[in-house]
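For reference, the structure is listed below as structure tokens.
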Amino acid sequence: MKKLLVSFIFCSAGLAAVAQRAKVNSAEDALKSKDYAKATADIQAALENDKTKNDAKTYYVKGKILEAQATEHKSSAEALEAFEAYKKALEINPKLPEALLEMNQRMFNLYATVGNAGYGNLNDQKWDSAYTHFKEAFSIAEFYNGKNLGGTIPTDTSMTFYTGYAASQAGQKDDAILYLRKAADLQFKTEPALYVILAQAYEEKGQNDNWLKAIEEGKAAFPKDKRFGDMEMIYYSKTGKTNELLAILEKKMAENPNDFNTVLDYGIRVDNLANPPAEEGKEAVKPANYEELMSKAEGAYKKAIELKADDATANFQLGALYFNRAVGFNKELNAMDSKQQNSPKAKELQTKVQTLMDQSLPFFEKADQNFTAKAASLDASDKSTYQSCLYALQKIYAIKNDNAKVDATKKKLDALN
């Protein structure tokens with residue numbers, strides 16, 4: 001009888017373990033039917049039983065249940081719970097057979113669910129939450145990719161950028177640089193903001209070499225985005241390296257004297273050196289060699305027009321050079337008091353303003369003509385330039401009391417806007 005009793009006890013223990021494993025199996029069956037309530041109840045029962053609470057399969061099934069709900073509900077919270085369950089399963093059994101067969105897709109589902117939550121927060125400008133979710137998504141990928149389970153989650157270059165962007169907006173400057181730098185190294189070329197923000201972050205850190213590198217990368221990736229040219233001028237101005245830039249430009253010009261793009265680029269850059277952008281609340285300070293730089297810019301624009309007479313941008317730039325000088329002299333004239341308005345100096349300034357306005361007009365009109373000819377295919381940068389051209393033309397026509405042309409130019413501006 002004692003032997004029979006012992007056998008009965010062992011048999012009962014075996015049946016109890018089988019019963020609890022049956023809970024794991026029934027949880028899986030309920031999951032297949034999308035009966036999440038039963039699946040959750042059954043797997044919880046298995047987790048509370050000593051026989052199955054430390055079984056890798058139990059946690060794996062828990063992860064599957066949470067993953068299915070997370071995917072259906074688009075819930076980052078459930079996705080992260082599923083991730084923890086899968087991590088526990090692999091901690092117990094790193095070579096769990098089911099994980100080897102299925103884990104790649106399952107982890108990707110969690111990664112995508114959490115990442116999409118980050119994008120949702122980004123669209124709502126909830127920067128802290130967006131940054132947190134993006135980091136959590138990358139944590140899922142990093143964990144899985146480090147397990148050598150036969151697959152990987154590829155690096156999402158766009159998410160890398162947006163993680164850095166969200167970090168920047170959330171005030172996490174060091175982390176922003178980390179992710180933005182990684183996005184740049186991954187050759188992300190969809191958003192020029194990557195290089196703008198990265199350059200600004202390096203500027204704030206006083207990392208001048210990295211600051212210039214980010215600007216140059218931005219220029220190379222987005223050659224028509226004028227912000228990078230402006231940022232470059234600011235860099236050389238703030239670091240006192242305008243002579244170095246001028247030497248680089250002069251060398252390039254000497255090597256390519258008849259290349260239109262080189263000549264026009266030289267003119268624009270030298271023009272910008274002569275007219276650095278003003279810092280907020282401050283008057284722009286002209287460099288000591290202002291007249292020399294302006295003369296070089298004017299010569300380059302004229303050369304560019306010789307090489308390509310119908311180029312709208314080259315014509316606009318030369319027109320703008322004359323127009324902006326006229327505006328500067330007019331500002332000086334307006335600063336004079338009533339007694340000075342009739343002085344020889346005032347008359348000299350008036351003559352300069354009139355002469356420069358007249359010089360600018362044919363180049364603006366040529367630019368207008370050429371922009372109009374390709375109006376249907378203008379990109380954002382060209383539209384901005386064309387808009388500036390029309391504003392200047394409207395001003396000149398108004399000074400000349402040519403109301404018909406003022407009205408015609410206004411119509412073009414309205415249509416462009």
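Keeping the other protein chains in place, figure out the carbon and sulfur percent of the accessible area of segment 15-119, with a 1.4 Å probe.
52
Which residue fluctuates the most in the chain, going by a Gaussian network model with Cα springs under 10 Å, if the choices are ILE234, ILE65, ILE248?
Its mean-square fluctuation being the largest, the pick is ILE248.
For Rg and Dmax of the Cα atoms in Å, pick the label among (i) 33.9, 132; (ii) 20.5, 67; (iii) 21.6, 73 that corresponds to the value derived from the coordinates.
The listed entry that was calculated here is (i).
Run lengths n ≥ 4 of DSSP H only: what is the helix-derived mean residue ellipticity at 222 nm for the chain, with -39500 (n - 2.57) per run over all residues, to the nearest 500?
After summing the helix terms and dividing by residue count, I get -26500 deg cm²/dmol.
Given a 1.4 angstrom probe, I'd like the percentage of the accessible area of segment 286-398 that is carbon and sulfur, rounded to a whole number.
For segment 286-398, the apolar C and S fraction of the accessible surface comes to 52 percent.
What FRET efficiency comes out for LYS405 versus LYS251 if R0 is 45 angstrom and r is the Cβ-Cβ distance? Round to the nearest 0.05.
That pair, LYS405 with LYS251, gives E of 0.55.
Using amide H atoms built in the peptide plane, which far-off residues or other-chain residues are under 5 Å from PHE188 H to H?
Under 5 Å from the amide H of PHE188: no residue qualifies.
For the modelled label position 7 Å from the Cα of GLU279 along Cα-to-Cβ, which residues of segment 201-227 have backbone nitrogen atoms closer than 17 Å?
201-208, by backbone N distance to the label point.
I need the shape label for segment 349-399. Rule: rounded when a/c is under 1.5, else prolate if a/b > b/c, else oblate, with a, b, c from the alpha carbon gyration tensor.
prolate
With θ taken as phi - 60° and the coefficients 6.51, -1.76 and 1.60, list the Karplus ³J(HN,Hα) couplings across segment 233-246 in order, rounded to whole Hz; mark glycine and proline as x.
Using θ = phi - 60°, the values come out as 4, 4, 4, 5, 5, 5, 9, x, 10, 5, 5, 5, 5, 4 Hz.
Probe radius 1.4 Å, ligands and nucleic acids ignored: give me the carbon and sulfur share of the accessible area of segment 186-246 as a rounded percent.
About 46 percent, which is the carbon plus sulfur part of the accessible surface.
Can you classify segment 275-417 as rounded, prolate or oblate using the Cα gyration tensor, where a ≥ b ≥ c are the square roots of its eigenvalues, rounded means a/c under 1.5, and otherwise it's prolate if a/b beats b/c and oblate if not?
prolate
Within the chain, which is the longest segment containing none of the GluC sites (Glu not before Pro) that sit in a DSSP loop and have at most 14 other Cβ atoms within 10 Å?
Answer from the scan: 49-278.
Considering the chain as a Gaussian network with a 10 Å cut-off on Cα pairs, which listed residue, ALA314, ALA170, ALA376, attains the greatest mean-square fluctuation?
Of the options given, ALA376 has the highest mean-square fluctuation.
If you plug each phi of segment 381-395 into the Karplus form 6.51 cos²θ - 1.76 cosθ + 1.60 with θ = phi - 60°, what whole-Hz ³J(HN,Hα) values come out, in order, with x for Gly and Pro?
For segment 381-395, the Karplus curve yields 5, 5, 4, 5, 5, 4, 4, 4, 4, 5, 4, 5, 4, 4, 5 Hz.
Taking amide H atoms as placed 1.01 Å from N in the peptide plane, list the residues 5 or more away in sequence, or in a different chain, whose amide H sits under 5 Å from that of ASP402.
Amide H neighbours of ASP402, under 5 Å, 5+ apart: none.
Which ³J(HN,Hα) values, rounded to whole Hz and listed in residue order, are derived for segment 124-130 from phi using the Karplus coefficients 6.51, -1.76 and 1.60 in 6.51 cos²θ - 1.76 cosθ + 1.60 with θ = phi - 60°, glycine and proline given as x?
8, 6, 9, 4, 4, 5, 4
Beyond 29 Å between alpha-carbons counts as too far, so tell me which of LYS32/LYS135; LYS51/LYS74; LYS182/LYS286; LYS374/LYS410 fall in that bin.
Long pairs (Cα-Cα over 29 Å): LYS32/LYS135; LYS51/LYS74; LYS182/LYS286.
Taking square-rooted eigenvalues a ≥ b ≥ c of the alpha carbon gyration tensor, is segment 29-101 rounded, prolate or oblate, where a/c under 1.5 means rounded and, failing that, a/b exceeding b/c means prolate?
Oblate shape, in that a/c is at least 1.5 and b/c is the bigger or equal ratio.
Calculate, for the chain, the solvent-accessible area per residue in square angstrom, rolling a 1.4 angstrom probe over the heavy atoms of the protein chains.
Here the per-residue accessible area is 54 Å².
Relative contact order (percent) for the chain, with alpha-carbon contacts under 8 angstrom and 6 or more residues of separation?
6
Given a cut-off of 31 Å, name the pairs among LYS331/LYS412; LYS331/LYS366; LYS126/LYS411 whose C-alpha atoms lie farther apart than that in the structure shown.
Flagged as over cut-off: LYS126/LYS411.
Could you check the simple spin-label distance between TYR36 and LYS74, using points 7 Å along Cα→Cβ, in nm with one decimal?
1.4
The values are calculated or read from the model by the stated rules, or taken from the named source; none is laboratory data. All values derive from a computational prediction rather than experimental measurement. Quick reminder, even Gly has a Cβ in these numbers, built from the backbone with ideal geometry, and neighbours come from all protein chains shown. Just so you know, the surface numbers come from the protein's heavy atoms only, side chains and all, with ligands and any DNA or RNA stripped out. Shrake-Rupley method; radii C 1.70, N 1.55, O 1.52, S 1.80 Å.
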